[in-house]
Amino acid sequence: MRRLARIAVREYLAYVRTPGFWLSILLLPLGLAAYAFAPVVMAKSTPIPNFAVADFTGRNLAPAIAMSFAPATRGQRPLAALTPAPEAPLAGPAEATARLRPYLTGRRTLAGGGVLDAFAVIRPEGRSVAIAFWSRDIADRSIERAVRDAVAGALRRQGLAQAGLDPTVLASIDALQPKVTVFSPKAKADEVRLEDRLPGIVGFAMGMLLWMVVLTGAGMLLNSVIEEKTSRILEVLLTSASATEIMGGKILGVAAVTATVLGFWLTIAATVLGLRFPDIAADLIEIMFARGLWAYFALYFIGGYLMFATLYVTIGAFCESNREAQTLLGPMMIAMSLPMVFMSQAITRPDAPLLQLLAWIPPFTPFMMAARVASNPPLWQVAATGALMFAVTALELWVAIPAFKSGALATGRFELRTLLASLARRGG
């Protein structure tokens, strides 16, 4: 046990002493903050688009379009600024397009400076209208959708008014909005609130966190084992410690490294959340501790990490280089990406039969059960899936310990028969 602890401490210090480790810890929160706030910064720094309308329908559609550009709530920026069409009056749709297009390309500028970012030429077509929408930005269709919806709404209101409906009555009908209150027997006070939806969000976040931990820890374990095998350090270690102690020390050391990273990130997240959204922070504390979910997540975190870490250490012992390891990890990465497909569905459909079935398949168990926390799965399912997960981990260890020793002492390229031979000797 002492040798295992020493190997774990050695593995831990080998990572935390490097400048890159602390740089990655510090830079990731900054990167996430930049990812979160970049759209807001870009929106505030981008000028409000100039938009012009050439309406030849006689229906006076410009006011409706201007209303669609107005911000829905105070503090938001308008979608676009409705600018009077330059060189008006315009004789017809063809002339309007020919005269407005130079203001779109920048060949001509508006009276107050600047150019048009988009314009629409609206002409009658049968009982309805046709919109020719021109824009400098092909990718952004937000203005196009706003114009289309505004014109459609205006035409509907005008049609109802022509049918004899009083405009004030129409306005009162448009103002009618149902008040919907969601109730559920699973809600704390029958009425569904944010605190009732938080377990599902937390479960998905914990599943994602476990997935990231497995990937991060797996990469560290692989690199460590391959590097020490190449430099013959593993052979030296095997002369003074057992394969069980070496594997256990490496897994425990990398687990401590990932725990340090997670602890640092979670501390920052908890501090920001507590200062910015104290009510949500209080609900999260109540969910994690008062309901005992911390133990639920710890079970699947520990079991899931051990299950995958054991497998990755064994693979690393049979590989001579990182390139060779990547060829073996390809199928495993495909298998590990499958839980990501279903985890997002667990937020809205945690009791779906397929998700319940996947929770009983060991590679999926830790991710699926973490994401299914919102459905409050029965205790027997938690106990049974947890027992199955640790049983598979124990079986992996039974197979992996001699396989690790055999792989660590082997030379040359990885061969499947070498691995199978070591397993056969273990079974015999």
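The values are calculated or read from the model by the stated rules, or taken from the named source; none is laboratory data. In this text the structure is predicted, and so the values were computed from the model without any measurement. Every residue, glycine among them, receives a Cβ derived from its backbone with ideal geometry; neighbour counts consider all protein chains shown.
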From the set of residues in segment 114-133 that are touching a helix residue (DSSP H, G or I) at 6+ places or on another chain (Cβ under 6 Å) and not in a loop (DSSP other than H, G, I, E, B), which is farthest from ALA91 (Cα to Cα)? ALA118
Within segment 134-150, restricting attention to residues that are closer than 14 Å to ALA64 by Cβ and touching a helix residue (DSSP H, G or I) at 6+ places or on another chain (Cβ under 7 Å), which residue is surrounded by the fewest Cβ atoms within 10 Å (Cβ to Cβ)? ASP149
Does LEU210 fit the bill of being in contact with a Phe, Trp or Tyr (Cβ under 8 Å, 6 or more places away or on another chain), part of a helix (DSSP H, G or I) and either of a type in the set (Asp, Glu) or assigned by TED's automatic domain parsing to the domain that holds PHE367 (or both)? yes
With within 29 Å of GLY159 (Cα to Cα) and either without any contact (Cβ under 8 Å) to a residue 60 or more places away in the chain or exposed (fewer than 10 other Cβ atoms within 10 Å of the Cβ) (or both) as the only criterion, which of ALA98, ALA64, ALA81, ALA52 stands out? ALA81
Applying the selection to segment 136-160, what residues are under 36 Å from the mean Cα position of the chain (by Cα), free of Cβ contacts under 8 Å to residues at least 40 places away in the same chain and in a helix (DSSP H, G or I)? GLU144, ARG145, ARG148, ALA152
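Could you tell me which of the residues ASP190, ASP196 is among the charged types (D, E, K, R) and within 26 Å of ALA269 (Cα to Cα)? Spell out the reasoning first.
On the way: ASP190 fails: within 26 Å of ALA269 (Cα to Cα).
Being among the charged types (D, E, K, R) and within 26 Å of ALA269 (Cα to Cα) holds for just one of ASP190, ASP196, which is ASP196.
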Being charged (D, E, K, R) and closer than 29 Å to PHE51 by Cβ is the filter here; which residues of segment 140-187 pass it? ASP140, ARG141, GLU144, ARG145, ARG148, ASP149, ARG156, ARG157, ASP174
